[in-house]
Amino acid sequence: MAQWRPPRYGSRVETVTRFAPSPNGNLHLGHAYSAIYAHDLAQDAGGQFLMRVEDIDGPRSHLEFADEFRRDLEWLGLQWHEVPSQSNRFDSYEKAARHLLEGGWLYSCTCNRKEIEALQPRRGADGLIYPGSCKGARCGSTGAEALRLDVDRVMAAFGELIWTDERAGSIIADPRIFGDVVIVRKDLPASYHLAATLDDAADGVTAVTRGEDLFTSTHVHRYLQELLELPVPHWHHHTLVLDEGGQKLAKTRGSPALKDRREAGEDGLALAEQLRLQQMRSGT
Ligand code: GLU
Ligand code: ZN
């Protein structure tokens, strides 16, 4: 079996940022700001701004949305380099997952949500914390298996790991807030955590920029980087764009799509400028 080799990307020292939208709906103002933030950071440093379509979740992904994303970015006056979307990277996810499994860092679990709820788990950063009951044992149920990270083992092996965020400074990674998080989903060759970590390394991303709602995920990503011998980028978790009522934007609350504003003839460059100023005032 081929040995694990971390992705190589030469000795690039320039700043590389990315915008990584999922094509399961239209972009709204929050996405626009995320893209602008990543774009401006790279541009100010004379680096590169990438766009990666995160279409790992096949059945929920529609490529028409990705076409609209490109039109939206253009409308906002951004230039980018597009790297392969996640559906083209399944081999790399499988290879990494196999490597982790062979190292004993993952264990199989077929439990479904109902079975996990019956264990009366604690609630954590991302919903219920799976209490690790299937580690070293067989799950009660049969069926499709997910692979979970043995967080205690990983933390014991690597000790304290630090990551740095532009606003929050140095952070001690603590993946326990997710419990034994799913690294390979039942229906896909990776979870968001594994895919995004591998992709950012493969794309040579040096500054991971994303909304602060994904801040806690970085605790997991930092340990995955250590396990997979990947380079460690710097992170920028920026503030979220809020609506007039101070609420996070969401499609479910009817936040207007960029596409609709674009098609209604609004000036995208002016909107981008306005977002830059507004977020700057709120502390990015
Ligand atoms: N694909 C994710 C989203 O659309 C972003 C992931 C990331 O930036 O790490 O929310
Ligand atoms: Zn289980």
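The values are calculated or read from the model by the stated rules, or taken from the named source; none is laboratory data. This structure is a prediction, so every number in the text was calculated from the model and none was measured. Every residue, glycine as well, gets a Cβ built from its backbone with ideal geometry; the counts of neighbours run over all protein chains shown. The area values use the complete protein model at the heavy-atom level, side chains included, leaving out ligands, DNA and RNA. Shrake-Rupley method; radii C 1.70, N 1.55, O 1.52, S 1.80 Å.
Worth pointing out:
- Net length gained if the chain between residue 60 and residue 91 were fully extended (0.36 nm per residue, minus Cα distance): 9.1 nm
- Probe 1.4 Å, protein heavy atoms only - accessible area per residue of the chain in square angstrom: 50 Å²
- Taking 0.36 nm per residue of separation and subtracting the Cα-Cα distance, full extension of the segment from residue 133 to residue 82 would add 14.2 nm.
- Only Lys, Arg (+1) and Asp, Glu (-1) charged, at Cβ; the range 57-167 dipole about Cα centre in debye: 600 debye
- Of the accessible area of the range 191-284, computed with a 1.4 Å probe over protein heavy atoms only, carbon and sulfur atoms account for 53 percent.
- Structure remark: mean-square fluctuation, Gaussian network model of the chain, C-alpha springs under 10 Å; the largest value among 196, 168, 38 belongs to 168.
- Theoretical FRET efficiency, 1/(1+(r/R0)^6), r = Cβ-Cβ of residue 71 and residue 160, R0 35 Å, to 0.05: 0.20
- Check: the chain dipole with +1 on Lys, Arg Cβ and -1 on Asp, Glu Cβ, in debye: 740 debye
- If the segment from residue 167 to residue 229 were pulled out straight at 0.36 nm per residue, it would be longer than the present Cα-Cα gap by 19.7 nm.
- Over the range 88-155, the Kirkwood radius and the radius of gyration, each from Cα atoms, give a ratio Rg/Rh of 0.99.
- Among 86, 120, 43: highest mean-square fluctuation, GNM of the chain, C-alpha pairs under 10 Å: 120
- Global form of the chain, assessed from the alpha-carbon gyration tensor, a/c cut-off 1.5: prolate
- Among the listed pairs 114/186; 186/259; 114/248, those whose Cα-Cα separation exceeds 25 Å are 186/259; 114/248.
- Percent accessible area from carbon and sulfur atoms, the range 111-175, protein chains only, probe 1.4 Å: 46 percent
- Given +1 at the Cβ of Lys and Arg, -1 at the Cβ of Asp and Glu and no other charges, the dipole of the range 140-260 around its Cα centre is 320 debye to the nearest 20.
- Computed helical MRE - 222 nm, the chain, DSSP H runs ≥ 4 contributing -39500 (n - 2.57), nearest 500: -10500 deg cm²/dmol
- For the range 70-223: rounded, prolate or oblate by the Cα gyration tensor [a/c cutoff 1.5]: prolate
- Once each of the trypsin sites (Lys or Arg not before Pro) sitting in a DSSP loop with at most 15 other beta-carbon atoms within 10 Å is removed, the chain keeps 13-121 as its longest stretch.
- Taking all protein chains together and a 1.4 Å probe, the residues 73, 63, 249 rank 63, 249, 73 from largest to smallest accessible area.
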